[in-house]
Amino acid sequence: MKHYEVEILDAKTKDKLCFLDKVEPNATIGEIKSMFHKSHPQWYAARQSIRLDPKGKSLKDEDVLQHLPVGTTATFYFRDLGAQISWVTVFLTEYGGPLLLYLMFYFRVPFIYAPKYDFTTSKHWVVHLACMCHSFHYLKRLLETLFVHRFSHGTMPLRNIFKNCTYYWGFAAWMAYYINHPLYTPPTIYGEQQVRIALIIFLFCQVGNFSIHIALRNLRPPGSKTRKIPYPTKNPFTWIFLLVSCPNYTYELGSWFGFTLMTQCLLIATCSVCDITVCV
Amino acid sequence: MSAPAMGTTKTAHSDVAPKKKRGPGALATAYLVIYNVVMTAGWLVIAVGLVRAYLVRGSYHGLYFSIEKPLKFFQTGALLEILHCAVGIVPSSVVLTGFQVLSRVFLTWAVTHSVREVQSEDSVLLFVSAWTITEIIRYSFYTFSLLNHLPYLIKWARYTFFLVLYPMGVTGELLTIYAALPYVQKTGLYSVTLPNKYNFSFDYYTFLILTMVSYIPLFPQLYFHMMRQRKKVLAHVEEYKTE
């Protein structure tokens, strides 16, 4: 069996960083990354970008050496992707924050509102309902992160956690401030009827969103990173695939619309619009 | 901070420009030339207005009132530049241009126009003169570039004057916002309080303070970006000139 030699150069400076001899032809890029990590312990595999061309696309971990357009002495270029953090960690942090922060406002923890309101509860039942819905929403997201989602990338750049958390935590705190405020005004346009309809919309979209997540999960066998096109299944909530390719976002938007209607809080409508603009 | 809205337009015109014609078509070029000529003229009107008012009054206090209308007209007109980027006839970033123009428009309308008491402040003259000189140079730069006939002097001025004008403008802007604060707090201008039907609140006073604070990270970034551009653009020309 012919062994390969692999040399890894820095994509910017072209310095020779690593030379591996006697590499098996059926070695994967993932295995090469582990070997590279041994000689450069500060660059763990997740932060390595290995490519054939200094300005080219990153090779996938699953790519096999002998199937790549290289000779028996393969030259790869390395770029440091920077400190990485796992998607799961990021999701748990960015969803855990809103869950806890909202509850702090709901229970009127000191230093948020005027001292005479500390640890009081709102007299409006819609405020309690909103708290339950908001908490349910983020609990659902946390559980989906742990048990439902299958991620194609293990990690993302570290700075993303600061960006994402600022966004999620900021908006959660801001809307919680208004909804749980002592001077909060419950829906006035259609009163109780409005809240009921809003709740139905909210729950409908939560179930819809969950159904889509399950459907997408089932497209991807465990441990794999395949991407397949989703189609409607027997579950009526998935029939929306006929109209939209990422209906989890549609349902998400619907949930927030329901929540806005329920609380009649302008900020949430504004946030949702920004959110969708950013996602799109 | 928008004092000299130098922008990030990649108009490094020279005779060795690459042949890929991704620029505006003939009609768009004609329109842009007219636009830039009109803007140059407009800011010249403001400049002349300031000088004349100074000579007539004998002092540089309260000159804002003599150029208030053309200032509002031409500064607001700059909003078109966002459209130019969005449509693609100008190769600049919509976000960056939008940010610069909107911050100018904000200062013109939401601060100077809205808080009458600051209109007689000297800080207003400080940023208005900085803007005026900058814009005259900037718009003539664009005009000549579009006509492929850019005098070195204009290019030099555009990439050098900002060294003084930018800090000058920023100082004027900050001082003006600071002067507006007590009046905004007293009158509750543009502020919404609880309780209300939409459960929303906005404190313009706090917003202005946050705006002032935002200058701290933003101004150095923009300033040093311009300095880097200066090195690139003026160094290249010198190289070319020595050939």
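None of the figures in this text is laboratory data; all of them are computed from the coordinates on show. What you see is a predicted model; the values in this text were computed from it and never measured. Every residue, glycine as well, gets a Cβ built from its backbone with ideal geometry; the counts of neighbours run over all protein chains shown.
What number results when the radius of gyration of segment A:42-152, computed over Cα atoms, is divided by 2.2 N^0.38 Å?
Details: Rg = 24.0 Å, N = 111, 2.2 N^0.38 = 13.2 Å.
For segment A:42-152, the normalised Cα radius of gyration comes out at 1.82.
Rank-order A:37-45, A:204-212, A:71-79 by packing density, defined as the average count of other C-beta atoms within 10 Å over each peptide's residues, highest first.
Working: A:37-45: 13.0, A:204-212: 19.7, A:71-79: 16.7.
Ranked from most to least packed, the peptides come out as A:204-212, A:71-79, A:37-45.
To the nearest 10 degrees, how steeply does helix B:122-146 sit against the main Cα axis of chain B, on a 0 to 90 scale?
30 degrees
Consider all pairwise Cα distances in segment B:26-236 and report the whole-number % of them above 26 Å.
On the way: 9018 of 22155 pairs.
Cα-Cα pairs of segment B:26-236 separated by over 26 Å account for 41 percent.
By how many degrees, 0 to 90 and rounded to 10, does the Cα axis of helix A:29-39 deviate from the longest principal axis of chain A?
Taking the Cα atoms of chain A, the angle to A:29-39 is about 80 degrees.
In the protein assembly as shown, what percentage of the DSSP-assigned beta bridges are antiparallel, given to the nearest 5?
Numbers: 14 of 20 bridges.
Bridges in the protein assembly as shown that DSSP calls antiparallel: roughly 70 percent.
Of B:Ala86, A:Pro69, A:Pro247, which is farthest along the charge dipole of the protein assembly as shown in the positive direction, counting Lys and Arg as +1 and Asp and Glu as -1 at C-beta?
A:Pro69
Quick check: Cα centre of segment A:102-126 to Cα centre of segment B:60-117, how many Å?
Result: 43 Å between the Cα centres.
By how many degrees, between 0 and 90 and to the nearest 10, does the Cα long axis of helix B:64-77 differ from the longest principal axis of chain B?
60 degrees
Starting from the Cα of B:Asp203, move 7 Å in the Cα-to-Cβ direction to define the label point; list residues of segment B:172-186 whose amide nitrogen is under 13 Å from there.
From segment B:172-186, the list is B:185-186.
Distances longer than 14 Å among the Cα atoms of segment A:4-82: what percent of all pairs is that? If you can, show how the numbers build up before the last one.
Details: 1728 of 3081 pairs.
Summing the P(r) of segment A:4-82 above 14 Å gives 56 percent of all pairs.
What's the long-distance tail for chain A, i.e. % of Cα pairs beyond 26 Å? Each step should come with its number before you reach the end.
Working: 22203 of 39060 pairs.
Distances greater than 26 Å cover 57 percent of the Cα pairs.
To the nearest 20 Debye, how big is the dipole of segment A:85-279 about its Cα centre, given +1 on the beta carbon of each Lys and Arg and -1 on that of each Asp and Glu? Mind dumping the intermediate values first?
On the way: 15 positive and 6 negative charges, 117 e Å.
In total the dipole reaches around 560 debye.
Largest first and in whole Å, give the semi-axes of the protein assembly as shown's equivalent ellipsoid, each being the square root of 5 times a Cα gyration tensor eigenvalue. If you can, show how the numbers build up before the last one.
On the way: eigenvalues 445, 341, 87 Å².
The answer is 47, 41, 21 Å, longest axis first.
Rounding to the nearest 20 debye, state how big the charge dipole of chain B is about its Cα centre with +1 on each Lys and Arg Cβ and -1 on each Asp and Glu Cβ.
Details: 21 positive and 12 negative charges, 116 e Å.
Around 560 debye, computed over chain B.
Project the alpha carbons of segment A:186-230 onto their principal axes and report the range along each, largest first, in whole Å.
50, 16, 12 Å, listed from the longest principal axis down.
Under the definition of partner shielding as Cβ atoms of other protein chains within 10 Å of a residue Cβ, what is the mean value for peptide B:192-202?
On the way: counts 1, 1, 7, 5, 3, 7, 8, 16, 8, 6, 0.
Across B:192-202, the average partner-chain Cβ count within 10 Å equals 6.
Which one of A:Leu266, A:Leu142, A:Leu68 has the biggest mean-square fluctuation once chain A is modelled by GNM with Cα springs under 10 Å?
Among A:Leu266, A:Leu142, A:Leu68, the largest mean-square fluctuation in the Gaussian network model of chain A belongs to A:Leu68.
For chain B, set up a GNM with springs between Cα atoms under 10 Å and report which of B:Thr206, B:Thr97, B:Thr176 has the largest fluctuation.
Judging by the Gaussian network model, the answer is B:Thr206.
With the Cα gyration tensor of segment A:198-254 in hand, convert its eigenvalues to equivalent ellipsoid semi-axes via √(5λ) and list them largest first in whole Å.
Values: eigenvalues 94, 26, 18 Å².
Working from the Cα gyration tensor, I get semi-axes of 22, 11, 10 Å.
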